[in-house]
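What follows is a short report on a single structure.
The values are calculated or read from the model by the stated rules, or taken from the named source; none is laboratory data. On a predicted model such as this, the values are computed, not experimentally measured, just so you know. A quick note on method: Cβ atoms are made from the backbone with ideal geometry, for glycine too, and the neighbour counts reach across all protein chains shown.
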Amino acid sequence: MLVNLSFLSTKPTGISTYALNLLPNLKFSQLTLLTSENIPNYDCYPIPYNLTPDQGIKGHLRRLLWTQFQLPQIYKNLKSRLLFSPLPEAPLNSNCRFVVMSHDLIPLRFPKRFSPLTPYHRYYIPQVLKQAQHIICNSQATAQDIIDFYQIPASKITSIPLAYNRQHFRPLKEKLVENRRYFLYIGRHDPYKNLNRLIAAFAALPNRGEYELWLAGPIDARYTPTLETQVAELGITEQVKFLNYVSYSELPKIINGAIALVFPSLWEGFGFPVLEAMACGTPVITSNLSSLPEVAGDAAILINPYNIGEITEAMQIIAEDMQVRSHLSTQGINRANQFSWEKTGLATVEVLSRYL
């Protein structure tokens, strides 16, 4: 079986994190990785290095062309019986048999004018999903979106929850050196992430001078300046920290040091930050929409992300009530323990084995 890793980035986000953690749990005797980087202990087939998000839109275009025109020949030369792609990309109208992973349909829910992701999701991905032997997705919410947007039968879709690195994301005895009380958000600055309402909710906190809001995620020239302007107009520039991209190694430290993770996204395919924060014992406030209740269960405060007052109230409760913080911390750790990459891997192997 071939595993398509042409998209792996030097700054891993959701899809790369999924692929790299799933890989050790794909227990197949014959596994060949299509990758530009040699991965120890695996049979690797070298492919071009410039097909990743690191090269921007050109990287994506090169990868799509490589997928369509070169991947079928590799599949044939290696006498493969199945291709597994951890993202919904595969050669169309070819002799390749493939299973793909679909993470979310957010560009269809929140389309952006002139964004190449809109036609990609509107024209390319539905063809991939229709031609796939089977589709794996990360939540019931994503499965339902695939059914609703693309009219694909439920029988062709298997929802398999993702997981987290248990050695990495865990409660730490040592907290941040600075004695600072901060709420934390982790993720991009796209409008559907709902940061404008989060900032407004933070600004409305009573005694807000006692707290900070840390936004961990890559600065984006399209969206960050608008958020910075909002912060300045609300007079909270000293309290809101734009941290930019935070490395994987640093994440557990800043998660553990937070009063709470506040993740009021309008839609998520899964929501890694929620699970990782619960695993660290950090209280979580998140949306009552999409996959987020599937991940959080009863171990978080669920809010209507369109209601700024609800977000403020949840932040205030967690900041002021030590008993609530302690309860959510314990519940979060217990909830996170229900997720593991071993479980994700076993369920994935069961699906892939049907088509080998």
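Structure summary
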{"item": "Conditions (1) surrounded by 15 or more Cβ atoms within 10 Å (Cβ to Cβ); (2) over 18 Å from the mean Cα position of the chain (by Cα): number failed by D298", "result": "(1)"}
{"item": "Tabulated pairs, region 225-238, first in contact (Cβ under 8 Å) with a residue 40 or more places away in the chain, second acidic (D, E), C-beta under 8 angstrom, 6+ apart or interchain", "result": "none"}
{"item": "Neighbours by Cβ (under 7 Å, 6+ apart or cross-chain): first from region 343-356, of a type in the set (K, R); second in a helix (DSSP H, G or I) and surrounded by 19 or more Cβ atoms within 10 Å (Cβ to Cβ)", "result": "none"}
{"item": "Within region 295-326, considering residues that are in contact with a Pro (Cβ under 7 Å, 6 or more places away or on another chain) and touching a residue at least 40 places away in the same chain (Cβ under 8 Å), the one nearest to D104 (Cα to Cα)", "result": "P305"}
{"item": "Subset of region 97-144 [of a type in the set (D, E, K, R), under 19 Å from T67 (Cα atoms) and free of Cβ contacts under 8 Å to residues at least 40 places away in the same chain]", "result": "R122, K130"}
{"item": "Lone unmet requirement of (1) modelled with pLDDT of 95 or more; (2) within 27 Å of T142 (Cβ to Cβ) for G271", "result": "(1)"}
{"item": "Members of region 64-93 that are closer than 21 Å to T52 by Cβ, aliphatic (A, V, I, L, M) and buried (at least 18 other Cβ atoms within 10 Å of the Cβ)", "result": "L71, I74, L83, L87, A90"}
{"item": "Any hit, region 15-23, residues being at pLDDT below 95 and either outside the structural domain of C96 (by TED's automatic domain parsing) or loosely packed, with under 13 Cβ neighbours inside 10 Å (or both)", "result": "no"}
